[in-house]
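The next block holds one structure in the form of structure tokens; read it before the comments.
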Amino acid sequence: MRPSAVRLLNILVPVKRAVDFAVKIRVNPEQTGIDLNVKHSMNPFDEIAVEEAVRLRERLKDAVKSIKVVTIGPPKAVETLRTALAMGADSAIHVEIPEGAPSPEPLAVAKTLREVVARQKEGVDLVIMGKQAIDDDAGQTGQMLAGLMDWAQATFASKVDVDASAKVANVTREIDGGLEQLRCQLPVVITTDLRLNEPRYASLPNIMKAKKKPVEKFTSTDLGVDLAPRLQTLKITEPPKRIGGGKVANVDELLAKLKEAGITSKRA
Amino acid sequence: MLARVRRRPVIFSRITRTLHASTARQRQLFDPSAVERISEDVDVCIVGGGPAGLSAAIRLKQLEQKRGKEFRIVVLEKGAEVGSHILSGAVIEPRALNELLPDWSSRPDHPLKQPATSSTMKFLTGSLALPIPHPPQMNNDGNYIVSLSQFTSWLGTIAEEMGVEVYPGFAGAGIVYSDDRKGVLGVCTNEVGLDKNFHMKETFEPGMEFRAKVTLIAEGAHGSLSKELINQFDLRRDADPQTYAIGLKEVWRVDPSQYRPGEVVHTMGWPLDWKTYGGGWVYHMADGLVSLGLVIGLDYANPWLSPYNELQRMKHHPYFSRLLSGSSTRIAYGARALNEGGLQAVPRVHFPGGALIGCSAGFVNIAKIKGTHNAMKSGMLAAEAAADALCRTNEETTVSKPESPRLSDMSVYETSLKDSWVWSDLHEVRNIRASFNTPLGIWGGIAYSGIDSLFLKGRTPWTFRNVSRTSDAAHTLPASRCKRITYPPPQPPLSTDLLTSLTLTGTNHAEDQPIHLRVRVNGLEDSTVRREHVRRNVGDYAGLLGRACPAGVYEYVDDEHTSAVEEGKSGGWGGKKLVINSQNCIHCKLCDIKVPTQDITWTVPEGGGGPKYTIT
């Protein structure tokens, strides 16, 4: 977990294969989950993370030694890795879980990523990942990972500036009150927010080149991590359907209806 | 070890957020003639990852072993995944699949899980569903009810396993012609990163060029490149104009009490009138799903007709409302044009350097209402002809100059097509659809088709031709001469409004890109063309596209301009203007086919957009 001795940065970008944002999701008939037989793509926040890593290399040039992407997912998730490789990553790691296995929870993902980081012989200086996945909206993995590895963390980043020689990252965070600027010492976990950048298209020539880039495969047992869920989902239902409203003719009628619904304390 | 983070107090609580994307005024206009494209040489480039395109690719890889030569094959597919843009009923005849992959049934994940068990036909009136006899071609013994999207996706995985390079998310956008424009050298993919006004954004990347010895166009019905090639090489000189229908479809998970796996039902009559060709279907697929829909011939005359609303009101017929009662939920919706022209409308299918396969040429058997088997077989025959051409070219390049590329001769494909069962399949039913185009409407058609399909089986010396060469668009009558149709408002859960259905397609297109539906006449696209379009469509045809498009793309809305001059400059007329919501498009091609003024050209948007069908 020590940052590399020479002043070269190794960046790790975890990505997740999630249901595509344009798909209309449906609860499955057993009410245990959603219908997953739909189009999947890379989590949009993770696309932003990959883009940021590639832009860091464009800005810092030789100071960035490698950009690795990692995903934890079923065999089909390798396509997500190929898209990231086509956007500019150098190599990929696929922690494969069996087809149909439940998606790992944030803590399990964080523990897996910790193991992946530990196994990188040249160390990792930056972990850039999406702030949340659009299927579970958990928003926990980055923070948990930083805590497990005892690294600095800068979440909801809208601007990232890395000074490789000083081993410092200046990150602007989006917070409720506005923007917050942090100076973090490397190694650091950064999670990306929407305004950080606009991801590039994976162009066809790059997709063709990406086929030749290496993909390392692991299983959870290789890494010694237990991916079994610790939470039990009792039921998933769609939100109640909107029922029509009614029109009222005047204010008195409005007050009468509000009183009927028990919303007002005023006596009509 | 504390976290090594130092916080600096926030000085300005309100900081304006600047847009990350490059501002519009710094962008340059895209110049197609000056762009430099990366070029890649392949043996065969196939545009379209549907059954025809993938069968051609698979067959070529099989021939690799026989010929002892390696072929580099690239398949370009504009959908985000293989299968995303295809839909059909579908009941497929496995005839071509048996030839292509004789061991398909032993593959673990094949999607042909539901054989058709019964086939019936019903004539619907407002309240009844009367059983009527159906032509023997609609007998479905040995056929399977599938989701064509799943079937195509399965073919895609097989093609990839065999080493075909399949690139979903990339559309075949343009043809690369030889210098004298007499032949096709390949295709180029779409540009990405252009904004609405054709200026290059930060993310701009020019399309890539594929130079192929053989280019196979497998875009499906009324493909954009097919249209260009047919015009360029006058492929339709000796054939009738192609005619089409629009198929709108929904997939429902029905109540188990209403589920009868393998049941195939076709309907005629209500809600269509006797002058309009079309009919409905109900296929009970595997896993408790039912595919249902309505096909309407696009030669319908009444511009007040709305195919979407016809489908919605059909579902309120007692036969359907019973089927969809109980715990049914709708899980998919989609629409696509399909060919109906039959044998008479098949153009010349080859040109120097390539060929048209599948529905790009048009091999749908109307009586069987099936086209997948013929599409796949045409792909396989084209593959065989291409393999011949590739092996021939190799011998000849050693002799001829390398600078002047020899254009592959695919004429063998056309001859083998005419000798194959595809031709006899289409020959038998060639007069059936045409028999509906008399003043007797569907009655004449039913009467003639009954006799032809049951007794004559196409063994007649005559072939009905479209002598007047009237296109579907030209059959449309002015709105003043037709009865206005008022459709009932939607009644959920059986029927819904259009936009609710549209969400089920998963369609989306990246926002800031050129509108891919061009209002264009003779290459001109200015406000006078637009104004003329609005004048004729709103004035004569009551804004037909607004009613016909199954995705709500076209709207004729009130124009705010007060003076006629201002209005004309912005392309409006008579207080109305055309708004094109291209993001909704589901790539069905109805507009290009049916717009009475024939001034809408469908072009490919950025690849990866459009619907995301998985179960249609």
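The values are calculated or read from the model by the stated rules, or taken from the named source; none is laboratory data. All values reported here derive from a predicted model rather than from experimental measurement. All Cβ positions, even for glycine, are placed from backbone atoms using ideal geometry, and neighbour counts span all protein chains on display.
Criterion applied to B:531, B:484, B:535 was being over 24 Å from residue B:306 (Cβ atoms), away from chain A (no Cβ under 14 Å) and not β-branched (Val, Ile, Thr), and the one residue passing it is B:531.
Residues in the range A:184-205 that are surrounded by fewer than 20 Cβ atoms within 10 Å (Cβ to Cβ), facing chain B (nearest Cβ under 9 Å) and not in a loop (DSSP other than H, G, I, E, B): A:185, A:195, A:205. For the range B:184-208, filtering for residues that are facing chain A (nearest Cβ under 10 Å), part of a strand (DSSP E or B) and within 30 Å of residue B:349 (Cβ to Cβ) leaves 1. If you check A:141, A:80, A:71 for being touching a strand residue (DSSP E or B) at 6+ places or on another chain (Cβ under 8 Å) and within 14 Å of chain B (Cβ to nearest Cβ), only one passes: A:80.
The rows are residues; the columns are (1) within 30 Å of residue B:453 (Cα to Cα); (2) in contact with an Asp or Glu (Cβ under 7 Å, 6 or more places away or on another chain); (3) within 13 Å of chain A (Cβ to nearest Cβ); (4) at pLDDT below 95.
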position	(1), (2), (3), (4)
B:138	yes, no, no, yes
B:141	yes, no, no, yes
B:151	yes, no, no, no
B:180	no, no, no, yes
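Tell me yes or no: at least one residue of the range A:134-144 is surrounded by fewer than 17 Cβ atoms within 10 Å (Cβ to Cβ) and of a type in the set (A, V, I, L, M, F, W, C). Yes, because at least one residue in the range A:134-144 is surrounded by fewer than 17 Cβ atoms within 10 Å (Cβ to Cβ) and of a type in the set (A, V, I, L, M, F, W, C). Apart from one condition, residue A:236 fits all of (1) exposed (fewer than 14 other Cβ atoms within 10 Å of the Cβ); (2) at pLDDT below 90; the exception is (2). Just one residue in the set B:450, B:445 is surrounded by 19 or more Cβ atoms within 10 Å (Cβ to Cβ) and either out of contact with any strand residue (DSSP E or B) (no Cβ under 7 Å at 6 or more places or on another chain) or part of a helix (DSSP H, G or I) (or both); that residue is B:445.
Of the residues examined, residue A:26 is one that is surrounded by 17 or more Cβ atoms within 10 Å (Cβ to Cβ) and among the basic types (Lys, Arg). Annotation for the range B:175-188: at least one member residue is among the β-branched types (Val, Ile, Thr) and more than 22 Å from the chain's Cα centre (by Cα). Residue A:212 falls short on exactly one of the conditions (1) within 14 Å of chain B (Cβ to nearest Cβ); (2) in contact with a Lys or Arg (Cβ under 9 Å, 6 or more places away or on another chain); (3) over 27 Å from residue A:100 (Cβ atoms); (4) not aromatic (Phe, Trp, Tyr), and that condition is (2).
When each of A:253, A:180 is tested for being facing chain B (nearest Cβ under 8 Å) and either more than 20 Å from the chain's Cα centre (by Cα) or in a helix (DSSP H, G or I) (or both), the lone residue that passes is A:180.
Taking the stated definitions as given, is residue B:178 surrounded by fewer than 22 Cβ atoms within 10 Å (Cβ to Cβ) and of a type in the set (Ser, Thr, Tyr)? Yes; evaluated as a whole, the condition is true for this residue. Scanning the range A:152-177 for residues that are touching a residue at least 60 places away in the same chain (Cβ under 8 Å) and within 11 Å of chain B (Cβ to nearest Cβ) returns a single hit, A:167. Looking only at the range B:100-131, residues that are over 21 Å from residue B:315 (Cβ atoms) and of a type outside the set (Phe, Trp, Tyr) come to 19 in all. Inclusion of residue A:259 among residues that are within 14 Å of chain B (Cβ to nearest Cβ), surrounded by fewer than 18 Cβ atoms within 10 Å (Cβ to Cβ) and either free of Cβ contacts under 8 Å to residues at least 12 places away in the same chain or outside any strand (DSSP E or B) (or both) is not warranted. For the criterion of being in contact (Cβ under 8 Å) with a residue 40 or more places away in the chain and assigned to a strand (DSSP E or B), residue B:82 fails. Scanning the range B:558-570 for residues that are small (Gly, Ala, Ser) and modelled with pLDDT of 80 or more yields a total of 0. Yes or no: residue B:282 within 30 Å of residue A:26 (Cα to Cα) and of a type in the set (Val, Ile, Thr)? Answer is yes for this residue.
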